[in-house]
Amino acid sequence: SLEPLPMGGPDFGALGEEAELVEVEPEAKQEILENKDVVVQHVHFDGLGRTKDDIIMYEISDVFKAKNLIDVMRKSHEAREKLLRLGIFRQVEVLIDTCQGDDALPNGLDVTFEVTELRRLTGSYNTMVGNNEGSMVLGLKFPNLFGRAEKVTFQFSYGTKETSYGLSFFKPQPGKFERNFSVNLYKVTGQFPWSSLRETDRGISTEFNFPIWKTNHTLKWEGVWRELGCLARTASFSVREESGHSLKSSLSHAMVIDSRNSSILPRRGALLKINQELAGYTGGDVSFLKEDFEFQLNKQLLWDSVFSASLWGGMLVPIGDKPSSIADRFYLGGPTSVRGFSMYSIGPQSEGDYLGGEAYWAGGLHLYTPLPFRPGRGGFGDLFRTHFFLNAGNLCNLNYGDGPRAHLQKLAEYIRWSYGAGIVLRLGNIARLELNYCFPMGVQSGDRICDGVQFGAGIRFL
C-alpha cells in the first residue's frame, strides 16, 4: 500500500520514570527523502507467472521519472491503476522503501509491486439491465491468454426479449490500453412485440478502438446473416412481406466525447456521440447509409439540483432500388425516449405493427432534485431523485427526392410531446429505474400512449 514515510524519528514507546530523556536526531537519509529529490533505482514485481515483462514495463515506466517522494507515490498509484485496468491481476499492492545494497544512493528508492494473477479460467454469473429489459448472463473467460493481456470470452445471455451467445477475442496494444482490437462471433435471437417480429442474427465482427485527443473512436466491420420471421399469427402483411433471409456487410465508425461524471445519472459534463454506418459496399444484399447522433448537457444548480438537456437524431438513406429493411430503421417512444408513449409505438405502422422510420429526432429537458425533506440523506436516500421532464420528438419516412427543406417540414409536422414528473433510482453505475406520471400530447392516429404511471429501466435515457 502507498504509505508515506514516517515524519518523525523512531517511536520508543512509553518512557519509565528512571529513563533518561534523550534527544533523537532524525536520520540523514530520512531527511533527504522528505525534503529533497529522490531517484527510483529499482522496481520489483512479486507474484508474476505467465505475464510477459514487456507489457509490464510499458505500464510502470513513468515511475522511474518521479523526482520526489510525493511524485513517486502518485506515479506508483497511477501505475497500479493501469495494471488493474489490464484485467489480468486480481490484486496489486505497492510498497515503497529506501534502496538497499552496495549500489544504493543516499536518495534512492525501491518500488515493489506485489501482484496476484487471475487464474487461467474464470467464470461469472450476473444480471444485466437493458432498455426496459433484463437478462441473465453466464460467462467463461480466459484472461491473459498469451501473457500480454489478451482475453478470450464465451458468454451466454438469456433475457426477457433476447437470447444470445458469443465468442470474442480481445487484444490491447501494449502501453496503450485504449487502443485495442477485438473479434466477435455471435448468434442473437430477439423478439420485438411492437412489430410482431422475431429476428435471428448470426455474424462475425471486428472492432478497432483508439483515442484521438479527447475523443474515442471505434472502427467496425460486421458481416451478419439475418433471419426475420413473424412473432404472432396476427402479424400484418407488411411484416410478413419482410420475413426471410438477408446478408448484411457493413462498415461503421463511432466517435464519442464524454466529460460526464457518471453515465447513469450525471450531475455535470457533456456527451457527444456520432455514428455512421455504410452497408453494401463490402458485400451482402442490403445497401444503405445510416447516420445518427446523441448529445447531452448537464449542469448542476442550487440546492443540489441538476438541469439536463438532450437531443437525438438520425437518418437512413437506402442505396439502390431496394427499400430499407424493418431491421435497420429507427424506432421511437417509450419510457427511455419520448415518455408517455408505449415502447417504440410512434410513427409508421400497419395493422397495429410498428414498422420504424428512416428519419427521427427527439429532445428532452429534465430537472433532477433531491427528495423532499431529504429522507435518508447521506445514505440510501441519495440514490433517489425527483424528476421533472419535457420530451418531444417525431419519426417518419422521407422522400429523398424532395430536398432538405421538405425533409425538415415533414419532421416538424406531427410532433409528439409529453411532460410529467416522477422518481428516479440509480442502481450504482449499472442502470437506473424511473417511475413517472406522464401526460402525452400531440398524439397521432395509430400511436399507443401510456397516459398516467409509466415504469422504465435501462442504461440510456433521453
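The values are calculated or read from the model by the stated rules, or taken from the named source; none is laboratory data. On a predicted model such as this, the values are computed, not experimentally measured, just so you know. No Cβ is skipped: glycine too gets one built from the backbone with ideal geometry, and neighbour counts run over all protein chains shown. Calculation scope for accessible area: heavy atoms of the full protein, side chains included, ligands and nucleic acids excluded. Shrake-Rupley method; radii C 1.70, N 1.55, O 1.52, S 1.80 Å.
If a residue must be at pLDDT 90 or above, open to solvent by 30 Å² or more (accessible area, probe 1.4 Å) and either touching a strand residue (DSSP E or B) at 6+ places or on another chain (Cβ under 7 Å) or not assigned by the TED database to the domain that holds TYR354 (or both), how many such residues does the range 204-229 contain?
Number satisfying all stated conditions: 15.
If you go through the range 344-358 one residue at a time, do you hit one that is assigned to a loop (DSSP other than H, G, I, E, B), in the same structural domain as VAL224 (by the TED database), in contact with an Asp or Glu (Cβ under 8 Å, 6 or more places away or on another chain) and more than 23 Å from LEU228 (Cα to Cα)?
No.
Mind listing whichever residues of the range 408-429 are farther than 24 Å from THR127 by Cβ and either without any contact (Cβ under 8 Å) to a residue 60 or more places away in the chain or open to solvent by 70 Å² or more (accessible area, probe 1.4 Å) (or both)? Write out each step before concluding.
Applying the first criterion (farther than 24 Å from THR127 by Cβ) to the range 408-429 yields 408-421.
Result: LEU408, GLN409, LYS410, LEU411, ALA412, GLU413, TYR414, ILE415, TRP417, TYR419, ALA421.
Conditions tested, residue by residue: (1) part of a strand (DSSP E or B); (2) over 29 Å from the mean Cα position of the chain (by Cα); (3) on the phi > 0 side of the Ramachandran plot.
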site	(1), (2), (3)
ALA392	yes, no, no
ASP402	no, yes, no
LEU408	no, yes, no
TRP417	yes, no, no
ILE423	yes, no, no
ASN429	no, no, no
PRO440	yes, yes, no
GLN444	no, yes, no
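Against the condition closer than 24 Å to GLU351 by Cβ, of a type in the set (Lys, Arg) and free of Cβ contacts under 8 Å to residues at least 60 places away in the same chain, how does ARG226 come out, does it pass?
Working: closer than 24 Å to GLU351 by Cβ: yes; of a type in the set (Lys, Arg): yes; free of Cβ contacts under 8 Å to residues at least 60 places away in the same chain: no.
Here the answer is no, as ARG226 does not meet what is asked.
Pick from the range 297-319 the residues that are open to solvent by 40 Å² or more (accessible area, probe 1.4 Å) and in a strand (DSSP E or B): which of them is farthest from LEU278 (Cα to Cα)? Break it down into steps so the answer makes sense when it comes.
We begin by selecting, within the range 297-319, every residue open to solvent by 40 Å² or more (accessible area, probe 1.4 Å); these are 297, 299-304, 307, 311, 315, 317, 319.
Checking which are in a strand (DSSP E or B) leaves us with 297, 299-300, 307, 311, 315, 317.
Details: LEU297: 29, LYS299: 35, GLN300: 39, PHE307: 36, LEU311: 23, MET315: 12, VAL317: 10 Å.
Residue satisfying both the conditions and the ranking: GLN300.
Looking for something surrounded by 15 or more Cβ atoms within 10 Å (Cβ to Cβ) and more than 24 Å from the chain's Cα centre (by Cα) - is there at least one such residue anywhere in the range 123-145?
Checked the range 123-145: at least one residue is surrounded by 15 or more Cβ atoms within 10 Å (Cβ to Cβ) and more than 24 Å from the chain's Cα centre (by Cα).
Whether any residue in the range 67-85 is in a helix (DSSP H, G or I) and β-branched (Val, Ile, Thr) is what I want to check. Can you show your working first?
At the first step, the residues of the range 67-85 found to be in a helix (DSSP H, G or I) are 69-85.
Keeping just the survivors that are β-branched (Val, Ile, Thr) gives 70, 72.
Yes, because at least one residue in the range 67-85 is in a helix (DSSP H, G or I) and β-branched (Val, Ile, Thr).
Residue-by-condition table, conditions (1) at pLDDT 90 or above; (2) touching a strand residue (DSSP E or B) at 6+ places or on another chain (Cβ under 6 Å):
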position: ALA79; (1), (2): yes, no
position: LEU83; (1), (2): yes, yes
position: GLY101; (1), (2): no, no
position: PRO106; (1), (2): no, no
position: TYR125; (1), (2): no, yes
position: ARG148; (1), (2): yes, no
position: SER157; (1), (2): yes, yes
position: THR160; (1), (2): no, yes
